[in-house]
Structures are given as C-alpha cells and as structure tokens.
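*Asks:* Here it is: the structure, laid out below.
Nothing in this text is a laboratory measurement; each read-out follows from the coordinates by a stated rule. Keep in mind that this is a model prediction, so the values were computed, not measured. We place every Cβ from the backbone using ideal geometry, glycine too, and count neighbours over all the protein chains shown.
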Amino acid sequence: MSSDLMRIVKGALMTGAIVVLGSAGCEKKKGGGTGGGGGGAWLVGADGTMVQLLPDGTLGAGYPLETDDDLLGITCRGLDTAFVVGEGGTLLRTFDGGASWEAVDLGTAATLRDVAAARADVVYVAGDGGLWVSPDSGTSWQAVPGSARDWRSVASAPDGGAALAIATDGTVWRWDAGVGVLAQVTSVAGARAVSLSHHGDHAVVVGDDGAMLRSATGGRTWEPVATGTAADLYGAWATVTGELLAIGADGTVVRAAAGGDVEVTRPGLGALRAIHLDAAGVGLIAGDGGEVLRTDDGGDSWSVVEVDLGGAAIYGLDAIEGEGHY
C-alpha cells in the first residue's frame, strides 16, 4: 500500500457519520451493523486512494494496492465483486469484498477512465484508445469493434447487452452487443459523464457549461434539458423514475424532474465528481479536497459528511451492503 493511502486511511471518521447507500453492493456482509439498510461505500481517487466507509462510521481494513496512480472509477456487483480503473492501465478486481485485489492486464498502459458492470458477468471499461468488454467478470477481454478512440465514461444496461459511452470529442455512442454495432447517437459540448438507470430505459449525459441531455429510450434518442446553470458538470445519475441528478464545478447539484422542472443548488464547496444513489434515494456525492456530502431524500437536501480523507480528490464511488441497491 502506498504511503499516501496509509496516511489517508488513518483519517478519523465521526461515529455514525455514514449510514448510507443501501445496496447489494460489493463488500461481504459483516455482523454488528447499524441496520436501516445502510452499508457504507467505497471511494476511490487521487494517488491510489481507496477508502471503505462502514455504516458505524469507522474505516474498514486497508487495501494492499501498492499504487500511487490516480484511481478514476469503481463499480460493484453482488456482495463480493468490484472493479477499479485508473492511470497507467490500472485495472483491479476483487471477488472477496476487497480482502484481496488482482491486477488485470488489459494490454495497455493508457489511462482507463471508467468501468461499468452488469448483473450478468459483463464488464465494460472505457479509456484512452478504446472500449473493452469482458463476458466473464474480467478474465478475458476484447475491444469493442470500432472503438479505437479516447473515451471518458461508460454505462451498462442491466443485462450487459447494451452500453452508452462518451468520447473525449463530446460524441455519445451506443453499443448494441446483439447486433455488434457501435453507433453515434448524439453529442454534447465537453461531455463528461453518462448514466443509465438500473432498468436501462432512462439515461443522462452531462458536460461543460451546464449541458445536459436526457433519454427515455435507453440512449437511442435524446432531448436537451435547460439546466439554467453555466457550471461544468462532471457526474450524473439517472433514476428509474426518470429523475436526473448532475454534479459539477463550485459544488453544483442539478436536479431535473421527469416532468421537466429543474432545480440548481450549491451544497458543496469545491468541484463534485462522483455520485451514487440507491432505490430509496439515499446516496453520496464527493469530489475535490475529499469533500463528501450525503442525501436521504433523493437529492432534495444534502448534509456534509465529516470525514478526513487527507484532502485527496475523489473521482469515483459505489455502494456496499444493505438493501435498495440495484
């Protein structure tokens, strides 16, 4: 484990500060939990940061990652499985709730920026130089045909049969595994993030200057959303009801209701980059300086999570344990 990570994981958490993110997520269940469906979260970020936040407000065991590369994305599946990507071709997986991590060789030293897992064994990775897909939880990989470009974000349909991805030029693409076609479906100025709802119908793409597009057709067709903000948006979440959330510069949070109403607030202090909500509307957002905020009402209100992450920027997060996760 890197010295920076050791320093970060020694930061104290306030007792009970995080009872969040009800999920079927990626940590083995432990006794002595606080109940209420919450199970904590994993956060990844700068300089090899990986922090496990438990429901009782304590830190989990450290992780022997032995890397100082920035970790840029994490996705969880089931009770034990997670995948992490980052700089230098970093691709890690665990099948035992983080007790051990295996480095996976994707055949590239390029930056890998995002990862998405389906309920089946399908996993997608997006990075510089291509999109990759695995049918067997990361044991074997193949490049998605026609994907030889640089990518920023990827989201998978529930069964893994389709995926949405954003290229660094702002184009948005849809992969249909059934017919083997990767097709451009729209574009967004400075596109940064894409999200698919957990039933695969609703989708959102966000980008620079408050740009947002929504889809109710699994990403096949899109329509613009007037957010009313000029803040660059770095992360997004699409719910099964069609409500959209986006986060970005200057602590900005955008909520776009399914009916079209949009609300912009600034509960954060710095840039917010990572977001996760569960089916009950409980979730986290995080970003620069180790800032973490929590909601219990689907983003209607936010509270500061008093956690010391040593100032490390958080780029990705996902949920562990409990109920309500997709």
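*Asks:* What length, rounded to one decimal in nm, is gained on full extension from Asp136 through to His199, with 0.36 nm per residue of separation minus their alpha-carbon distance?
*Replies:* Answer, rounded to one decimal: 20.6 nm.
*Asks:* Also, I was wondering about something else. Residue separation times 0.36 nm, minus the C-alpha to C-alpha distance between Asp169 and Glu306: what's the value?
*Replies:* Working: separation 137, 0.36 × 137 = 49.32 nm, distance 3.70 nm.
Using 0.36 nm per residue and subtracting the Cα-Cα distance, I get 45.6 nm.
*Asks:* Taking amide H atoms as placed 1.01 Å from N in the peptide plane, list the residues 5 or more away in sequence, or in a different chain, whose amide H sits under 5 Å from that of Asp70.
*Replies:* Close amide H contacts, sequence-distant or interchain: Asp47, Gly48, Glu87.
*Asks:* Now for a different question. Show me 115-123, 242-250 ranked by packing, highest mean number of other Cβ atoms within 10 Å first.
*Replies:* Working: 115-123: 21.4, 242-250: 24.0.
By packing density, highest mean first, the sequence is 242-250, 115-123.
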